[in-house]
Structures are given as structure tokens and as C-alpha cells.
């Protein structure tokens, strides 16, 4: 009887243990984080970097924080998405939460099934051990009762993947998007990039720009040019204040090196393409790229050419003096008449009794700078207008390989108020006999005006709107044209608003024929001797593309201008995406004027 009772006792204990184990296993299953899938992927426009994607399933819906570590290293660049959220991977994303946003505000979205994406510079055939840790929170703000769950899984990169040399430790991603329906070939692109000093030993030598092919997943190196280096090496002072109290735990800024990178890009119509800019390889060798862009001579009088055009700059002023289409070298465009004889004359001011003064009158300019490379040649001249120290001006040209145009940017700045009879810009002057027709788009009449200027009386003005989108001269017999395509035009003031007298654009003829912008031009008004002030702090700027072309043989000889206008006024859209460096702080300190409030006071998502 005693043995029977003992057996019953053991049975009860066994059943109790089994029940406890069952409860424990059920509880474990309820708290389990599941990694349903784990994969390594190639860049795409929406995620333009090599990345790891984990599909996660939480035990229950929750506000969360997620940490993703790969081979023991915690990733700083991760994004969360609810499972099933539609994302067009062929286009750059719309939503983005930068480190500053995450440092100021908690994510208060409730997740259940989700995707975690992390920037991983994976290499072929390598195994990656991934750990996902999730903090389950009852509210946006964490509490001591929050639960942490985690899961681990491994993934191996494809052995046949073609990636860039790992000797380059870092890369930045640039997504270019074409929006006008025009295939772009060797399109010049210019981006400003920021680096930490310890990863920018010699950027000019180290940088490589690689085009990512979305079909083959290959990388192809494209010609690039690195220039305009700037360094800010001052470190934030975290020392206590004069009373010994701590100022802040993390620096507000970090030393930074910036540089511009230009490269040539192919982007099919209405699509996005990825270009990866690799850097941080002290052992990299210098790369020499060859294009058709060639520079000769001494500044400011350079001769710049590519396979299509040849431009000669005036030896005294550095302004455009002659322009030729290579296939029609027998018919160059030039002026060589009045005063300095250049084609490009402006910006300018006429403030009598001082002479009428143009930037093309510089001999030489106070400042001259040029740079040349395989992707771009740039020339810059700037300083006071000659004999007018109250006014500064600048003229910048940019030439590119394989393009029949160059870009001109000009600025006129009024340092002290002057009284004027003329303030003009964008003046292009040619010998009268070289031109038979002028054409431009007239917004008032909503049509193109095509005007025979052969017998136009001297000093008769053809008037158009100040924001004329394009204008051209051409020779009907020779089949050569010269056009200006307006890219930007702005007038602004600091100490005072601009005061412009009847601004307009116009063409006029004499021994020459020219077009120009009248900002304030009483000289051509009914009362030509009235003095109009150009006010202190006023700034006038504009940007043009100047094109030389063969005229079309159809009803619109200026048709090439319309084609290039569509291309040049619809540049490639640029999106820069960068990895979050380990030294970036996880909290944000904002410095406010006086006792200014942040605006986050009392908000649930505010980080403490």
C-alpha cells in the first residue's frame, strides 16, 4: 500500500513538472522574436547601398526600438518599415528619419510584422552572423519594465557577386533621376561631399566614382574630378564652464573636410541610376582620365575646346572673345569692333561722369582663377568694376567634354549706392555681318518670334520680357547659330530692396548686333539722362547656357535650341545618401539664442 501511495505521489509531481514546463514553453513562444527571412541585397534607387534586410515577427504589437548587429558590430544606419508597406524600389524614397531626428524624437509607431534594413558593405562568399535585439515598450518613452527580446541568424553573401575593392573602406551613394524624358549620356554632374579628416588623406588621389548597373549588377568606373577642398578642423570644447559645471556630453560639431566631385553620368529617360563614390584608401594610386576637353594658353586668355566647339577667351579680361563650331571652323563667331572687342561684355554700370564700365574692360581682372580636368574646365574672374570701387562683379565659365555649350554665371554686387544711367547684364555682342536672324520665345504672344535683322535700322530695339527663356542669333545662309538659354535669374537686396526701372531684355543693332538685359536703363528710356540709384546691398545674378549649333533645315532653324533648352532646364535630380559614422552621437544638443525653448517641451516622443 505504501508503494502504491508513493507511485501516486511521483505521478503528481511529474504531472506538475510537465505542466510547469508546458507553461514555460508557452510563455517562451509568446515572447519569441522570429527572423522569418534574412538576405543581403544590392543597391536600388530606394535603398542605394549594399544592405541587409531582416523580416521580423514580434510576439505582439508594440512600440519598439531595434538594434541590428552584424559579426558583433552594431549598425548605425538602420531603417524600419511595417511589413507590406508599398515602396517603389525604382525611385528614391520620400520618407527618411536622419540621426538628428532619431536623436530628438522617439519612434511611437506600433509594429507587429516589420522589415529592418541595415547598411552592410558585404563581400562575396562571406558569412555574416546577425543578431536582432528588440526593446518592447508600452509607450514612446522607455521604462524599467520594458522587455528585451532577441534572435540570431546567419547569412552568406553570393560567391559570384561583383563588388568594389574592399581596400576602399567607405563609399557614399548618389542617386540621379531623369525627369524630362530625355536619355542622358555623359551628363556632367557636380556634388558637394563632406568627410571626416581621418578618412580624407588625399581625396583627389583616392576617390573613385562607380556607376552601378541595375541589370548586370556590375560596377563601371566613370571619369571624375575632385576639387574645391575646404577644411574646418576646430573641435568642440567640452570642458566645464567657469563654475565647473559640465557644458555638454557630446560635441555639437565634428571637424569636417568638404570637397566637390564632378563626374559624367549616363541615365536613361525617366529613370533613376546609382553612382557610388568610394574613398578612404591611403594606398590608392592616382587615376588619370582622358576626355576630349582640352585647355591651352595662359590665364585669363585661355583657349578651351572639346570635339565639338572651340572657345577663345580675351587675353586681357578673360571674357568670351571667339566661339567656333569645330565642323564649321571656317565660320567663327566674334565681335572685334567696339572698345575691347569681346563677345561677352557684362555685368556693367554707367555712372557718369565716370566712363561706361563693363567687366570685359578689366585689364587684367583683380582676381583670376581657373581649374581644368577631364570633366570640367572652369574659369573665374572677379573684383571691382574698373574705376568703380563701389561695385563688385564676377564672371564664371564652365566647359564640359562632348557638349556644344558652356555655362556662364555672373554676379553684380552694389557695395555702396551709386547713381546710374545703365545697369545691365547678359550682353552678348557679335559682328553685324555674321547674323541674319534673331529668334526668341515671346510669352505675351505665346509664340516664337523669328525676326530678319538683315535690314533692321541701326539702333532699333527689339523688346522682350526680362525672363525670356531663350534667345538666338543665326545666319540663314551659313547655317550657324548662337543661343542663350536662361537657367536662373535673380535680383535681391540686403540693406534695401532692388529698385529696377522697367527691367526688360532686348536686341539692338549698329556696327554690331547684341542682346542684353536692362536692369535699370534710363539711357534707352524717353528721358535718357535721368539718374537711377543702384542701392547698397543689391545683388544681381544670373546663369546661362551658351550654345553654338548648326541650324535645322526644317521650318524652325532654331530647333536645336529648343532641344537643348529641354535638357538644360531639366537637370538630373540628385539625392545623396551616406552611412551613419560610428562617431555620430545618438543624442542631439541644439544651441538656442538666449533662453529659447526647443518646442519639444511636454511632447510624448521627446527624448530625455
Over what distance in Å are the Cα centres of the range 416-480 and the range 266-343 separated?
-> 25 Å
Suppose R0 equals 35 Å; then what is the FRET efficiency for residue 601 and residue 233 from their Cβ-Cβ distance, rounded to the nearest 0.05?
-> 0.50
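With the Cα gyration tensor of the range 410-537 giving a ≥ b ≥ c as the square roots of its eigenvalues, does the rule (a/c under 1.5 for rounded; else a/b larger than b/c for prolate; else oblate) give rounded, prolate or oblate?
Judged from the Cα gyration tensor, the range 410-537 comes out prolate (a/c at least 1.5, a/b above b/c).
Based on the alpha-carbon gyration tensor of the range 226-356 and its eigenvalue square roots a ≥ b ≥ c, which shape applies: rounded if a/c is under 1.5, prolate if not and a/b is larger than b/c, or oblate?
Judged from the Cα gyration tensor, the range 226-356 comes out oblate (a/c at least 1.5, b/c at or above a/b).
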Where labels lie 7 Å past Cα in the beta-carbon direction, separation of residue 39 and residue 366 in nm | 6.2 nm
Roughly how many whole Å is it from the C-alpha centroid of the range 159-233 to that of the range 513-547?
-> 41 Å
Taking a spot 7 Å from the Cα of residue 419 along the direction of its beta carbon, which residues of the range 525-562 have an amide N less than 12 Å from it?
-> 530-534
With mean projected area of the Cα convex hull in nm² defined as stated, name the option among (i) 33.8; (ii) 41.3; (iii) 28.8 computed from the structure displayed.
-> (ii)
By average Cβ neighbour count within 10 Å, what is the ranking of 424-434, 549-559 from highest down?
-> 424-434, 549-559
Which FRET efficiency, nearest 0.05, do residue 478 and residue 536 yield, Cβ-Cβ r, R0 51 Å?
-> 0.65
Relative contact order for the chain using alpha-carbon pairs under 8 Å, separation at least 6, rounded to a whole percent?
-> 12 percent
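Below 8 Å between Cα atoms, with a sequence gap of 6+, how large is the relative contact order for the range 338-404 in percent? Could the numbers behind the result be given before it?
Numbers: 102 pairs, mean separation 16.6, N = 67.
The value is 25 percent.
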Using alpha-carbon coordinates, inclination of helix 2-30 to the longest axis of the chain, degrees = 0 degrees
Normalising by the residue count of the range 170-289, find the relative contact order in percent from Cα pairs under 8 Å and 6+ residues apart.
-> 49 percent
Length gain on complete extension for the stretch residue 95 to residue 141, per 0.36 nm per residue less the alpha carbon to alpha carbon distance?
-> 14.3 nm
With a ≥ b ≥ c from the Cα gyration tensor eigenvalues, square-rooted, and the rule rounded for a/c under 1.5, otherwise prolate when a/b > b/c and oblate otherwise, the range 563-608 is prolate
Quick one: angle between helix 559-568 and the longest Cα principal axis of the chain, in degrees between 0 and 90, rounded to 10, please.
-> 40 degrees
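Where a number appears in this text, it was derived from the coordinates with a stated rule and is not lab data. Because the structure is a prediction, the values reported are computed rather than measured. No Cβ is skipped: glycine too gets one built from the backbone with ideal geometry, and neighbour counts run over all protein chains shown.
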